[in-house]
1. So, counting K/R as plus one and D/E as minus one, what does the shell of residues with Cβ under 10 Å around A:Asp325 add up to?
2. Which ³J(HN,Hα) values in Hz, rounded to whole numbers, follow from the phi angles of the range A:51-63 under the Karplus curve 6.51 cos²θ - 1.76 cosθ + 1.60, where θ = phi - 60° and Gly and Pro get x?
3. Of all DSSP beta bridges in the protein assembly as shown, what percent run antiparallel (nearest 5)?
4. Give me the log10 of I(q) over I(0) for the range A:10-134 at q = 0.09, 0.14, 0.18 Å⁻¹, as the Debye formula computes it from C-alpha points; what are the numbers?
5. Would the range B:48-89 count as rounded, prolate or oblate if I go by the C-alpha gyration tensor, calling it rounded below 1.5 in a/c and otherwise prolate when a/b exceeds b/c, oblate otherwise?
6. Please give every one of the aspartates and glutamates within straight-line cross-link reach of B:Lys314, meaning a C-alpha to C-alpha distance under 16 Å, and leave out same-chain neighbours fewer than 8 residues apart.
7. Please state the charge dipole magnitude for the range A:118-187, taken about the Cα centre, from unit charges on C-beta atoms (+1 on K and R, -1 on D and E), reported in debye and rounded to the nearest 20.
8. What dipole magnitude, in Debye to the nearest 20, does chain A give about its Cα centre under +1 on Lys/Arg Cβ and -1 on Asp/Glu Cβ?
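The values are calculated or read from the model by the stated rules, or taken from the named source; none is laboratory data. Because the structure is predicted, anything quoted here is derived from the model rather than measured. Please note: Cβ atoms are built from the backbone with ideal geometry, for glycine as well, and neighbour counts cover all protein chains shown. The area values use the complete protein model at the heavy-atom level, side chains included, leaving out ligands, DNA and RNA. Shrake-Rupley method; radii C 1.70, N 1.55, O 1.52, S 1.80 Å.
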Amino acid sequence: MPDTFEKLAGEFEGDVRLALDLAGYQRIKDRWLAREKGLLSLEMRKLGSIDPALRPEFGKRLNQLKARFESALDDLHQQLKGTARLEQEERSRLDLTLPGLAPLTGHRHPLLKVRDDIVSVFSRMGFSLLETPEIESDFNNFEGLNIPKDHPARDSQDTFYLGENLLLRAHCTPVQIHAMKAGSPPMRVIGIGKVYRRDNPDATHSPCFHQCDGFAVDQGITLGDLKGTLETALRQLFAPEVRVRLRPSYFSFVEPGAEVDISCIFCGGSGCRICKQSGWIEILGAGMIHPKVFRHVGYDEKKYTGFAWGMGLDRIAMLKYGIDDIRLLYENDLRFLQQF
Amino acid sequence: MKINYRWLTEYVPLTAPPQALGRDLTMVGLTLDGIENGGTPVLELDITSNRADCLCHYGVAREAAAIYDLNLQPPDWSIPEPAGEALDWQVEIANPKLCRRYCALLLRGIRIADSPEWMQERLRSVGQRPVNNVVDITNYVLLELGHPLHAFDLQKLGGRKIVVRSARAGESMRTLDGLERRLDPSALVIADERRPVALAGIMGGEESEISSATTDILLESAHFNPLSIRRTARKVGLSTEASYRFERGADIANAERAIGRCARLFLELAGGRVASPLIDAYPGRQPLRTISLRTAHIERLIGAPVSEDFAAGKLEALGFEVDRKRKHLWRVTVPSVRQDVELEADLIEEVARHYGYDRVPATLGRWSTPALLPAWKAGETGIRDTLRGWGYSETVNTSFATSREIELFPGYEGSPVELRNPISEEETRLRWNILPMLLRNCRHNLNHGTRSLRLFELCKTYFLPAEGQPAEKKRLGIVLTGNRSAPNWASKGQEAGLFDLKGELDTLLRGLRIPEISYSQEGLPSYLHPHLGLAVRSRGALLGGFGRLNGAVDEQYKFKQAVLVADLDLEALYLHMQREEGYRHLPKYPAVHRDISFVVDRAVQYNTVEAVVLGSEIPELRTVELFDLYRLESADGGHTSLSIRLTYSSDSRTLTVEEVSEFDRRVIGRLQESVAARLRG
């Protein structure tokens, strides 16, 4: 009888070796371990015809065999399942070099990017945003800002007029008049928006463009405060390593007046074509608010001082992004917008 | 302004080389544009319009002297004594408002020749062409002292009188450039007893021009009203070195120095003798301006530790007289050459720029007011971010409009705003409706090969109300055309349609918490397709319209594909935005979904079906969603098959199957009653 068990084990192992897939596994399982017709069950029924003295041993060995077969079949099952899975995965394999399905993306306009950055930077330094009209009075655009009546800027050559004493603002500086008249010091305000000059459109001029003006009024505001505020802002708008230079200049609504340069972002300050070899790029005009402006808005010039600045957004966007033609900013070609 | 470096050193003993000088001048406000390195270095300086005093070598020398603490060395400008027989000439100023001073000096026995090489070289180096000694000397003195002079051939002048007067109607004269000019009474002229001989302060006349035969000269050094010079120069279309300086306010005291210096150079380089004393008509003599300067304010304004001695020293170097008798309040007298200095702040600027803006420490100041953003900013940011997230790109356009655009796209109220002096012949108005510019962008991009685009713009539109001033209103404009998703290898891509736009706008408005949104086909703008357009309202107030453009507009723009637009009143949106709401409890009890499919007559609109369902008065019925729809054509007009999903839930219990079935029965019953719905499988 040991031979029988060995024979059975041998045959079983032969079957197992030939099992190629889960169907094969199932066949082996049914053949050997099926309750009614499985070979081991049949063997078990032979128990009745065996010598009673040998029955316990026979039963025990048969059960051992059964346990062994079940364990072997479990392993086989695991193995074949794994293989089956791999095969399935292999069959459903994709060409992963195909491009991903990109969603539609909208793009920001570079002028508006600069605008958002400016609002953000100056907000962090305490400046409130005030939007003022594009259609302005002569007083708000010129007289209140100490621009004399015979100044060339007032010519119908340079400014768009809509009527007597009604024009399209030539700069954002009227925000000073609006804000100071509407409130009382201290205050820190910026205004941003479209401004208009009668320039024929070309690579560096657009009759409609964008500016940002800001100012601060309080007791004890100094030229040093102007310098520090602008340095901080410009380093955030351009790059932390940018150097800022203030040099004396003239605008009728500030005194002392200044022009502000940044170290050339193209050559780092060593000199190139863009900065005309000087290492500096002029970026904005600024100064201490002119006492005559304070008089126009009714602020006590003996008590208060203030600083003010104005910058062109188009210029900044063009410098920052290397855009060489201002008309691109108003053309809205998608091939341009998609770069931002 | 070109400044010859070596010429400059005549007035100030410079040791700083040209590059360094250029840098230092820049830092006091005379910006160096560049240096020409020819035979002698020439600095190109950009002089601001308030510094007429620096439009000459002596003025720049004064600045340099102040920078380096050097002594200024003026040329000899004393009036030379007359020699021999004196001529008796008079000067009459008929219009003292336009001419506050007129100096004249007569010279005889002048010999016209070339000016010496050194003078020619200096003139050439700064862009002036040498002519002859007399003309060159007047130009030289102009570039040296900044004061324009004019020399007349004395023998060509009639009588013994110079009259400074307004031109008379009908008068004309031929100027040095050979042009015959009609004069009108707004122009100031220099005239002899017979006729005008010069356009005052701008250009001399041809008749009395210096020629090689000239031997006797009347030398003029005067002061003219800047405004009058500017107006006349503009009118006749002339701009000369002389007019340039008078427009910016030449120094009235300089007139005398200039004539003295000029006369001396004539004697030296052209021979002859002075034949008259200085004739000086000076009706407009004014005392020098004095300004009070609070010494404490210097440091207060600049924010740097500027010492009083430093401040006084620099002011004096620059030509100001500083009376320091009162310790904290100085009286500063302004030299006549600095008409730009009027107030205390102007004096402080003089100190600050010579102290050095670069030396002023950078501080931030203090602030005590909150940095506020306008209330609408959050809404604006929400709109921009949302649209961008859906693939819309933001545009920025100019504010102009053509008549054609105004016609095709009427504005929202009032009438369009006209420009009195437009720059182009076509764009003579301001944008009245927001869409035309966006359609220009659309047209441009389609022309350049794009098939699909989604653009939006937030900006102002302008109108003239029936009464009052022009006004500005903000609007949101959207244009889209082409595919609604990018075609790729996995899917073909679908054409964007009206319902895409409706869905986006609806979602956008809900996202802004705009309440009670409703759509209708009434009151559509004329540029929309009558059957493919909708107006959208909130609580009955019009927010705007959207839809497909109509055929006439398509034709005008030559659009070969469907273009959709939306045009919303941004200010109305901001007005209707509600505050954020608090949290709403998550449902405790599960919801039940039931799908119902049914057929209705073609004419039944969906909002009716929805209203019928929601009007079932079942509080547990939370939502109804349309998830399938198709049209069935038939002989009797056609039907629509709809599949809706009803969602039921209760806050207090789990609904039973029986309850839900009862709800369904009620809903179906209403549908059958109200819209003759026929159930489908």
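1. Numbers: positive: A:Arg327; negative: A:Asp202, A:Asp324, A:Glu331.
It works out to a net charge of -2.
2. Each residue of the range A:51-63 in turn: 3, x, 5, 9, 5, x, 4, 4, x, 4, 5, 5, 5 Hz.
3. Values: 154 of 162 bridges.
Just about 95 percent of them are antiparallel.
4. These q points yield log10 I(q)/I(0) values of -0.53, -0.81, -1.02.
5. Working: a/c = 6.70, a/b = 2.13, b/c = 3.14.
In terms of gyration-tensor shape, oblate.
6. Once the sequence-local aspartates and glutamates are set aside, what remains near B:Lys314 is B:Asp24, B:Glu63, B:Asp69, B:Glu299, B:Asp323, B:Glu344, B:Asp346, B:Glu349, B:Glu350.
7. Numbers: 5 positive and 9 negative charges, 76 e Å.
The calculation lands at about 360 debye.
8. On the way: 45 positive and 47 negative charges, 185 e Å.
For this selection, approximately 880 debye.
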